[in-house]
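The values are calculated or read from the model by the stated rules, or taken from the named source; none is laboratory data. Model, not experiment: these values are computed from the prediction. Here the Cβ positions follow ideal geometry from the backbone for every residue, glycine too, while neighbour counts run over all protein chains shown. Keep in mind that these areas ignore ligands, DNA and RNA; they rest on the heavy atoms of the full protein, side chains included. Shrake-Rupley method; radii C 1.70, N 1.55, O 1.52, S 1.80 Å.
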Amino acid sequence: MIAIDKLCYNSRLRYENAGEKFAFAVITLCICVMSRSTATACIVLAVTGILSIWKGGIPVRRYLRFLTVPLAFLFLSTLAVMFHIKKAPLDLLAIPVGSWYLTVGTDSFLYAVQLIFTALAAVSCLYFLSFTTPVPDILEVLHRLRCPALLTELMLLIYRFIFILLETADAIATSQNCRLGNRDYKTSLRSFGLLGSALMIRAFQRSGRLYDAMEARCYDGRIHVLSENRPPRKKIIVYIIIFDTALFLFAVWRRFFS
Amino acid sequence: MSNEIILKAENLYFSYDDDHTHSLNGLSLEIRKGQKVAFMGANGSGKSTFFLCCTGILKPQKGHLSFQGNEYRYDKKSLLALRSKIGIVFQDPDNQLFCASVYQEISFGILNLGVSPEEAKKEVEQIIDYLEITPFRDKPAHALSGGQKKQVSIADILVMHPDIIILDEPAAALDPKHTRMVNHIVDQMTEAGITVLMSTHDVDYAYAWADEVILFHEGKVLRHGSALEVFHDEQALSQTNLEPPAVLSLFETLCRKGILNSSLLPPRNLQTLERYIEESGSPVS
């Protein structure tokens, strides 16, 4: 998660208008998921990949590594879709188990492939968003989309304090290790428990102090902050409209006319 | 220097948990407008508690506080009015910065004052420029160094244009470069007519900088006076475990040895002392 955060702050697309990036990622994601077509998924995968790597400046290897993160999970879950237990074997593969068959048909195989590609393409859309848009910018878009303030404010605070929590946990763990806190299995288990409780207490203290500090700046129950968004560019909006319309038409054609 | 009393505390008592240990134990003091006041004293002597009382975050169990002659009231409206006039920069910036974006962070306080977004934008840009935050304004808060976070936390408060700024150990855990930077900012604040209250453990800095020094001891004011008066009071210093400033000690030794004339005004900083020594040396030619 921290790696993604670092990448997105260094992305070349960081200063593009957040609304554009958000709209592109979400609309493309919706078309891709609803189309249920391998071809559409492949196009989306290619386009978001090219945008993230070539336009955004994400190193190719890191991008591919990030794409493999959900792969293991995907394979395991599509196995269930691919294999059937039937009395009669299907056309592609059949393993006899007693009087039944563990069997794969061409249909179910293609369906599984399509699922994997669609899921990967969907993930790549979200990666595109998270590789190019810092969280505060995304929150700004959500705010404009009338997302309840309670949610966006919570996300704002959580995003900031995740890093402090990790830093604190890291510091405590280091100091535990310096005092042989992970000498054997038993001590490391104990240390881990102590770390958890210490973190809990610190988090409480910190939240109290943060509240004080916010009150001292006239906090009135709502977090008001200025947005610092770059103005949208017409050219980019036109590109997004053209691409997503074309993608949509392609998806409709694949689904109903081919 | 005006003699108008901007902040007054009378007989404050405050205890965090029970009635036996008091963080503030009958504390009384007066702060005059435009002064640079250093608060010194051991950890746990009540400095931070007093600061939190000043901004109305903590309410003393007994005693009176008044700002510009008006007694503190603790309803929401009065507190907001008070806090728009008294700003506090906390010791640990991580307790103060709640936004990941520097720009949004700084805009929080001023928007709470009810200023229009356009005006707020202008003010925020101004303060970012003024405090030299521009080089890292686009970085997320968690990627800033300690000194940069401090700059942002000062900007947070300065953008609200308070009459009093409280700095709780601003130089704690800063490198020399950022310490100098913070000191420079503090000097500019006083020039702008802001009353600055600062807690510090740095005797030499307090002696060089402050108009007044207040020594805290066990929740009470042990000594309050000009920097010179307080740092001459050896008894009070030893009671609070403070050493006299190096420049002052050296000056006194030089006077005792007859190298410097003891009628000279005690120097506030090393440069003045050096000048004294240069000037006193018998001319070679």
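A few points about this structure:
- Matching option when the condition is modelled with pLDDT of 90 or more and touching a helix residue (DSSP H, G or I) at 6+ places or on another chain (Cβ under 9 Å), among A:Tyr159, A:Tyr111: A:Tyr159
- Hits in segment B:68-92 - residues which are open to solvent by less than 20 Å² (accessible area, probe 1.4 Å) and touching a residue at least 40 places away in the same chain (Cβ under 8 Å): B:Ile86, B:Gly87, B:Ile88, B:Val89
- Qualifying residue in segment B:118-132 (condition: in contact with a His (Cβ under 9 Å, 6 or more places away or on another chain), within 9 Å of another protein chain (Cβ to nearest Cβ) and surrounded by fewer than 20 Cβ atoms within 10 Å (Cβ to Cβ)): no
- Residue check for B:Leu273: of a type outside the set (Ser, Thr, Tyr), crowded, with 18+ Cβ neighbours inside 10 Å, farther than 14 Å from B:Tyr207 by Cα and over 22 Å from the mean Cα position of the chain (by Cα): no
- Test: residue in segment A:161-173 that is outside any helix (DSSP H, G or I), within 14 Å of chain B (Cβ to nearest Cβ), of a type outside the set (Ser, Thr, Tyr) and buried (at least 17 other Cβ atoms within 10 Å of the Cβ): no
- Residue in segment B:218-239 that is hydroxyl-bearing (Ser, Thr, Tyr) and loosely packed, with under 13 Cβ neighbours inside 10 Å present: yes
- Whether a residue is open to solvent by less than 50 Å² (accessible area, probe 1.4 Å) and either away from chain B (no Cβ under 14 Å) or within 26 Å of the chain's Cα centre (by Cα) (or both) was assessed, and A:Leu64 does not pass this test.
- Applying the set (1) of a type outside the set (Val, Ile, Thr); (2) open to solvent by 50 Å² or more (accessible area, probe 1.4 Å); (3) in contact with a strand residue (DSSP E or B) (Cβ under 8 Å, 6 or more places away or on another chain) to B:Ser45 leaves exactly one unmet item: (2).
- When segment B:73-116 is filtered for residues that are at the interface with another protein chain (Cβ under 10 Å from one of its Cβ atoms) and either charged (D, E, K, R) or on the phi > 0 side of the Ramachandran plot (or both), the ones remaining, listed by number, are B:Lys76, B:Arg83, B:Asp92, B:Asp94, B:Glu105, B:Gly114.
- Among the residues listed as A:Leu129, A:Leu150, the single one being aliphatic (A, V, I, L, M), in a helix (DSSP H, G or I), open to solvent by less than 20 Å² (accessible area, probe 1.4 Å) and more than 14 Å from every other protein chain (Cβ to nearest Cβ): A:Leu129
- Pairs, first assigned to a helix (DSSP H, G or I) in segment A:225-247, second polar (S, T, N, Q) and surrounded by 13 or more Cβ atoms within 10 Å (Cβ to Cβ), C-beta under 9 Å, six or more apart: A:Ile236/A:Asn17; A:Ile237/A:Asn17; A:Ile240/A:Thr28; A:Phe243/A:Thr28; A:Asp244/A:Thr28; A:Leu247/A:Thr28; A:Leu247/A:Ser35; A:Leu247/A:Thr40
- All of A:Glu228, A:Glu215 fail the test of being facing another protein chain (nearest Cβ under 9 Å), touching a helix residue (DSSP H, G or I) at 6+ places or on another chain (Cβ under 6 Å) and charged (D, E, K, R), apart from A:Glu228.
- Elements of type helices (runs of 4 or more DSSP H) contained in segment B:117-196, each with 2 or more residues being on the phi < 0 side of the Ramachandran plot and touching a residue at least 40 places away in the same chain (Cβ under 8 Å): B:146-158, B:176-191
- So A:Thr103, is it in a helix (DSSP H, G or I) and hydroxyl-bearing (Ser, Thr, Tyr): no
- For segment B:151-188, the candidate set comprises residues that are closer than 22 Å to B:Leu111 by Cβ and away from chain A (no Cβ under 13 Å); within that set, the residue that is least open to solvent (accessible area, probe 1.4 Å) is B:Gln151.
- Screening segment A:9-26 for residues that are of a type in the set (Ser, Thr, Tyr) and not in a helix (DSSP H, G or I) and picking the one that is nearest to the other protein chains (Cβ to nearest Cβ) gives A:Tyr15.
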